[in-house]
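The values are calculated or read from the model by the stated rules, or taken from the named source; none is laboratory data. Just so it is clear, the model here is predicted, and its values are computed rather than measured. Counting neighbours? That spans all protein chains shown, and the Cβs are built from the backbone with ideal geometry, glycine included.
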């Protein structure tokens, strides 16, 4: 069977991986048995994808990212350089917790900035934007902009990655796409 993806000669791809058409795997990356990549994913150099990890279509993983068992990324997710996922809440070297990993789901279109840390068991909502260096210790709502350590919400983002400014009636427009958003009862949704 002909492979329909690109893998640099230094990449290590264990048997039992599922790799979607058009995906690109760069220098020194390691895909472990049982992981799944959707179509058109891009894994930068020195990326590790552990068993059971699922990446949707068009996921972009920048350099030096380890995606551990328990992480699921939906379509169009961006993982910035050197960002970190955890998968055990209380790790100890002398205590084996293999198989008791906490799940983290990164929903469609979310972006996680460089050097951010996502503590396991906290999902990232659709199109949420995690600022560089943030430490996420709770679930992040869809379209939320969070920054800092611990991460705190400071605003809302459009699907194109622009900060939204809502008027008195609770409406905002993305300056790039011109799409309309509504803020109601602490939640944002795009108005079609």
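Which ones in region 62-76 are over 16 Å from residue 25 (Cα atoms) and part of a loop (DSSP other than H, G, I, E, B)? The answer is 68, 69, 70, 74, 75, 76.
Inside region 156-170, residues that are surrounded by 15 or more Cβ atoms within 10 Å (Cβ to Cβ) and without any contact (Cβ under 8 Å) to a residue 24 or more places away in the chain make up a count of 2.
Here is the figure for region 28-61: residues that are assigned to a strand (DSSP E or B) and surrounded by fewer than 23 Cβ atoms within 10 Å (Cβ to Cβ) total 6. As a summary of the residue check, residue 25 satisfies the conditions (1) more than 18 Å from residue 108 (Cα to Cα); (2) surrounded by fewer than 20 Cβ atoms within 10 Å (Cβ to Cβ) except for the one numbered (2).
For region 17-32, a tally of residues being out of contact with any strand residue (DSSP E or B) (no Cβ under 9 Å at 6 or more places or on another chain) and within 17 Å of residue 67 (Cα to Cα) returns 1. Answer yes or no as to whether residue 127 is over 15 Å from residue 59 (Cβ atoms) and either at pLDDT 95 or above or crowded, with 16+ Cβ neighbours inside 10 Å (or both). Criteria not met by residue 127.
Is there a residue in region 87-101 that is surrounded by fewer than 20 Cβ atoms within 10 Å (Cβ to Cβ), in contact with a strand residue (DSSP E or B) (Cβ under 8 Å, 6 or more places away or on another chain) and in a loop (DSSP other than H, G, I, E, B)? Checked against the condition, which is being surrounded by fewer than 20 Cβ atoms within 10 Å (Cβ to Cβ), in contact with a strand residue (DSSP E or B) (Cβ under 8 Å, 6 or more places away or on another chain) and in a loop (DSSP other than H, G, I, E, B), region 87-101 yields no hits at all.
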